[in-house]
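Asker: I'd like to ask some things about the structure below.
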Amino acid sequence: MTERIQLTVAQAVVRFLARQYSERDGVRQRLIEGCFGIFGHGNIAGLGQALMQMEVEGALIGGGGQDPADDREVLRYVQCRNEQAMVHTAVGFSRMRNRLQTLACTTSVGPGATNLVTGAALATINRIPVLLLPGDVFATRVSGTVLQQLELPGGHDVSVNDTLRPVSVFFDRVWRPEQLPSVLLGAMRALTDPANTGAVTIALPQDVQAEAYDWPVELFDPRVWHIARPLPESEVLGRAVAAIRASTRPLIVAGGGVAYSGATEALRRFAEATGVPVAETQAGKGSLPWDHPQAVGAIGATGTTASNTLAAEADLVVGIGTRWSDFTTASMSAFADPAVRFVNINVAQLDGHKLSGLSIVADAREALQALTTQLAGWRAGAAYTRRAGDLAADWDGEVSAAYDLEGDLDAIPTQSQVIGAVNDLSGPRDVVVCAAGSMPGDLHKMWRTSDAKGYQVEYGYSCMGYEIAGGLGVKMAAPDREVIVMVGDGSYLMMAQELVTAVQEGVKLVVVIVQNHGFASIGGLSETVGVPQFGTRYRYRTESGRLDGDVLPVDLAANAASLGAQVLRADTLGSFRQCFAEALAATGTTVVHVECDLATGSPSSQSWWDVPVAQVSSLPVTRAARSAYQQEKAGQRSHLRPFNP
Ligand SMILES: Cc1ncc(C[n+]2csc(CCOP(=O)(O)OP(=O)(O)O)c2C)c(N)n1
Ligand SMILES: [Mg+2]
C-alpha cells in the first residue's frame, strides 16, 4: 500500500514546490526560490493558509539541496504591491539566474489574476520561466456567482483566467484534487524546458485550494529536473562548418541564449580562435566584454555602426541563441548582401528556422565547443578581422564623445551624459536594468558591459513599468552586486510601487529617474512618422484644445520619497555625478532624480525600424514622412533563399 498524507490542495502545492530542484552541469539548486503574492478571497484561505503554515512550522524536512540552507525547504512568502509587478520581479530574478531558478506568484481571483496577463506575456516572449498561481472561481459552483466572476452566456467553465492561456507556455486548471500531481509535473517540465519555457500557469479554484486529499507521499520526494544541453547533430554541424569555412565576411550575432547556456567562455574561445567578429542583441549584450578585440557591440535598429556595417556586408551570419526580433534585423534591412546566409544555433526550433537559416537545434555552449574543434586552424581573413576592430574603435570614439565625461558640470546633462556618468562610476560587476523608452536603445548602443550578467535590459516586451519591479528581482538574485535601475518619467509613473517592496525587504536598489517630461522616445518616433509630438509630452491642455501648455507640476522625487526611498535630486551633470556616487555608497534603496536635456540625442545607429506611416493624409508633414518611409522600406529583404544541403 502506498503511504499517503492528508493535506489540502494548497498545502500540497507549496510542499511540492519547496522540494523541486533544477540541475545542470552537476549543480543542483532550488527551482522555486520563493512565492510572491497578493491575497484576496481567492487565495487567502487556500495558498495563504498553506504558506503561513509552512512559515510558522519552519517545515524542517531536510534532504535534497546541496546547499545546507536549501534543506529548510520552506517556500518563503514575499508581499508585493501589484500582480503584474510581481511577475516582472520573478522574470528579473530568473533571468539573472540564467533560467535555472524562478519564483512563484499567487493571486486572488478576478482582477488580481488578470493583472498577471502583461507579466505573463513578458515572460513568455522573453522565454523566461515563471510560475503563476491565480485563484479561480468555485469548481463546485454551489455558492452561485461569486464576487469578480465572469459570466459568459455561452458556457460556465470559462473564467477570466482563460486570458492567461495564449500568454502561457503551459496552462492548466485543477478542478479536482486528483488532477494536481499531473498538473504540477507538467508545470515543472515546462519551467525547465529550455526550448519552450515562459509563463506557466496553474489556475486554482478557491474551493479546491482548501479541499483535503490523501496524497501519495512520493509526490513530495525531492525531485530534480535536469536542464538539457542538446548536442548538435553531426551532419548539420558539418554543413555549418563548411559554410563558415567558405565565408569571407562572417559575423556572429549573440542573443540571450548565450548567457542562459553559460556559453560566454565558449563564445570567447570561438571568437579568438576564428577572428570572427561578435555583435550582440539586447538580451545578448555582455556575451563578450565590451573591449574584447572581437566585440563589435550592439546590432540592429539600436546598434553600433560597427555591427551594422559588418551586418550589411556579411556573407554568413551565425546567430546564437537569438529570436531574431525586428530590432535585431533592423526590420529585415540589416543584412544587405543578396547572397547572405544564416546558421542558427538555438535550443528552440522555432528560432532555428528563422531567416531561412540552417537550424542547429542545440545548446549554445555545446554547439560552440563543437564548432571550435571542427574549425581548428581556420581563421577569417586578417584584413577582415582588422577592419572589424577598426570599426569598433570608431564607434567607441563616438560613445566617448557622447558620454562627454569631462563635460560642463554646471549644465543640465544630456541623457548620454547621464548614462556615461553611471557607466563610469559603477563597478564592473554592477548591473544596469531598463525596459522601455529612449534609454534601452541608448544603453544597447553605448553601455560598456564588462560582466556577462551586468546588462539586464528587458527588450522582448519593452514593458513600461518593468524597471523597478524587474530590478528588484535582479537584486534578489544577485545580492552581492549593485543593481542600477534606469527609468524614464513615463515608465516610473506607470509602475513605481515596488519601491515599497524593496524597502520592506531591505533590498537595496539604486534607481535613476530620468525626467524629461514625457515620452521622449515616442516623441522622437512621432517626428519620423509624420505625427510630430502628438500626445507625447506631459503638458497642460490649453485654450487651443491641445496638450501644448506648460510642463506639469509633477514631482517624482517627492513621490519616491513618499514610498520610503532615500531620494537625491540632481539638476546639473556635476550634482548628478555626486548624487549617483552617494547612492552607490548608500545601504538602502536610493533614488536619484535628474532632469535631462532632450536637445542632444545619442549617436546614430545608421539603421531603421519599420513603423508604417499613413499612406494618405491631408497633413504635408505626414505625406513627407510617408515618402521617406517608402525609401527605407525598399531596403527590406525577404531572406527566403533556402539553405539546402
Ligand atoms: C506598458 C507600455 N505602454 C506603452 C508603451 C509604448 N512606449 C514605449 S516607450 C514609451 C514612453 C516611455 O516614456 P519614458 O519612460 O518617460 O521614457 P522616454 O521615452 O522619455 O525616454 C511608450 C509610451 C510601452 N512600451 N509599454
Ligand atoms: Mg520621459
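Asker: Kindly evaluate Val167 against the criterion of being farther than 30 Å from Arg97 by Cβ and either out of contact with any Phe, Trp or Tyr (no Cβ under 9 Å at 6 or more places or on another chain) or hydroxyl-bearing (Ser, Thr, Tyr) (or both).
Answerer: no
Asker: Something else about it: Give me the pairs: first residue in segment 165-184 and at negative phi and among the aliphatic types (A, V, I, L, M), second residue surrounded by fewer than 19 Cβ atoms within 10 Å (Cβ to Cβ) and in a loop (DSSP other than H, G, I, E, B), beta-carbon distance under 6 Å, and six or more apart or on different chains, which are they?
Answerer: Val169/Asn196
Asker: When the residues of segment 490-523 are narrowed to those that are among the aliphatic types (A, V, I, L, M) and in a strand (DSSP E or B), which ends up nearest to ligand 1 (Cβ to nearest atom)?
Answerer: Among them, the one singled out is Val514.
Asker: Based on this model, can you work out whether Ser526 counts as within 16 Å of ligand 1 (Cβ to nearest atom), more than 21 Å from Val418 (Cβ to Cβ) and modelled with pLDDT of 95 or more?
Answerer: yes
Asker: Mind telling me which of the residues Asp480, Asp550, Asp489 ends up being among the charged types (D, E, K, R) and within 16 Å of ligand 2 (Cβ to nearest atom)?
Answerer: Within the list Asp480, Asp550, Asp489, the selection yields Asp489.
Asker: The conditions are (1) of a type in the set (Phe, Trp, Tyr); (2) touching a strand residue (DSSP E or B) at 6+ places or on another chain (Cβ under 8 Å); (3) within 16 Å of ligand 1 (Cβ to nearest atom), and Phe580 fails exactly one of them. Which is it?
Answerer: (3)
Asker: Can you name every residue in segment 592-645 that is under 30 Å from Ala502 (Cβ atoms) and either surrounded by fewer than 17 Cβ atoms within 10 Å (Cβ to Cβ) or polar (S, T, N, Q) (or both)?
Answerer: Asp597, Leu598, Ser602
Residues checked against (1) farther than 16 Å from Ala243 by Cβ; (2) surrounded by fewer than 22 Cβ atoms within 10 Å (Cβ to Cβ):
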| position | (1), (2) |
| --- | --- |
| Thr322 | yes, no |
| Asp326 | yes, yes |
| Met332 | yes, yes |
| Pro338 | yes, yes |
| Asn344 | no, no |
| Asp351 | yes, no |
| Val361 | yes, yes |
| Glu366 | yes, yes |
| Gln369 | yes, yes |
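Asker: Please go through segment 613-645 and pick out each residue that is without any contact (Cβ under 8 Å) to a residue 24 or more places away in the chain and within 18 Å of Thr329 (Cβ to Cβ).
Answerer: Lys633, Ala634
Asker: OK, next. Restricting to segment 568-609, name every residue that is at pLDDT below 95 and of a type outside the set (D, E, K, R).
Answerer: Listed by number, the residues that qualify are Leu598, Ala599, Thr600, Gly601.
Asker: Taking only segment 508-537 into account, find how many residues are more than 12 Å from ligand 2 (Cβ to nearest atom) and under 25 Å from Ser575 (Cα atoms).
Answerer: Looking only at that region, the number is 5.
Asker: Further, regarding this structure: Being among the acidic types (Asp, Glu) and in contact with a Cys (Cβ under 7 Å, 6 or more places away or on another chain) is the filter here; which residues of segment 448-472 pass it?
Answerer: Scanning segment 448-472 gives a single hit, Glu467.
Asker: Also: Would you mind telling me which numbered condition in (1) surrounded by fewer than 17 Cβ atoms within 10 Å (Cβ to Cβ); (2) closer than 23 Å to Met494 by Cα; (3) in contact (Cβ under 8 Å) with a residue 60 or more places away in the chain; (4) away from ligand 1 (no atom under 15 Å from the Cβ) Thr589 fails?
Answerer: (1)
Asker: Further question on the same structure: From (1) closer than 23 Å to Glu265 by Cα; (2) touching a residue at least 60 places away in the same chain (Cβ under 8 Å), pick out the condition that doesn't hold for Val510.
Answerer: (1)
Asker: Kindly list the number of the only condition in (1) closer than 30 Å to Ala614 by Cα; (2) among the aromatic types (Phe, Trp, Tyr); (3) within 16 Å of ligand 2 (Cβ to nearest atom) that fails for Tyr540.
Answerer: (3)
Asker: OK, next. Considering only residues that are within 12 Å of ligand 1 (Cβ to nearest atom), part of a loop (DSSP other than H, G, I, E, B) and in contact with a helix residue (DSSP H, G or I) (Cβ under 7 Å, 6 or more places away or on another chain), which ones fall in segment 535-565?
Answerer: Residue satisfying the conditions is Thr536 alone.
Asker: For segment 480-489, give me each residue that is within 15 Å of ligand 1 (Cβ to nearest atom) and charged (D, E, K, R).
Answerer: Result: Asp489, single match.
Asker: I want to confirm something. Restricting to segment 579-601 and keeping residues that are in a loop (DSSP other than H, G, I, E, B) and of a type outside the set (S, T, N, Q), which single residue is nearest to Lys475 (Cα to Cα)?
Answerer: Top of the filtered list is Gly588.
Asker: Counting only residues that are charged (D, E, K, R) and either buried (at least 24 other Cβ atoms within 10 Å of the Cβ) or modelled with pLDDT under 95 (or both), how many does segment 457-515 have?
Answerer: 4
Asker: A further question on this structure: If only one of Ala561, Ala557 is within 15 Å of ligand 2 (Cβ to nearest atom), more than 24 Å from the chain's Cα centre (by Cα) and without any contact (Cβ under 8 Å) to a residue 60 or more places away in the chain, which one is it?
Answerer: When all the criteria are applied, what remains is Ala557.
Asker: Would you please name the residue that is surrounded by the fewest Cβ atoms within 10 Å (Cβ to Cβ), looking only at residues in segment 196-244 that are under 26 Å from Thr124 (Cβ atoms) and among the β-branched types (Val, Ile, Thr)?
Answerer: The residue in question is Val224.
Asker: Going residue by residue through segment 401-413, is there one that turns out to be under 29 Å from the mean Cα position of the chain (by Cα) and either at pLDDT below 95 or within 16 Å of ligand 2 (Cβ to nearest atom) (or both)?
Answerer: yes
Asker: Answer yes or no: is there a residue in segment 12-26 that is in a loop (DSSP other than H, G, I, E, B), at pLDDT 95 or above and among the hydrophobic types (A, V, I, L, M, F, W, C).
Answerer: yes
Asker: Of the numbered conditions (1) under 24 Å from the mean Cα position of the chain (by Cα); (2) under 25 Å from Ser604 (Cβ atoms), Arg268 satisfies every one except a single condition; which is it?
Answerer: (2)
Asker: Of everything in segment 448-477 that's away from ligand 2 (no atom under 16 Å from the Cβ) and acidic (Asp, Glu), which residue is farthest from Ala421 (Cα to Cα)?
Answerer: Residue satisfying both the conditions and the ranking: Glu458.
Asker: For segment 270-288, give me each residue that is among the small types (Gly, Ala, Ser) and either under 17 Å from Thr305 (Cβ atoms) or part of a loop (DSSP other than H, G, I, E, B) (or both).
Answerer: Hits for segment 270-288 are Gly275, Ala279, Ala283, Gly284, Gly286, Ser287.
The values are calculated or read from the model by the stated rules, or taken from the named source; none is laboratory data. Small disclaimer: the values here were computed from a predicted structure and weren't measured. All Cβ positions, glycine included, derive from the backbone under ideal geometry; neighbour counts span all protein chains shown.
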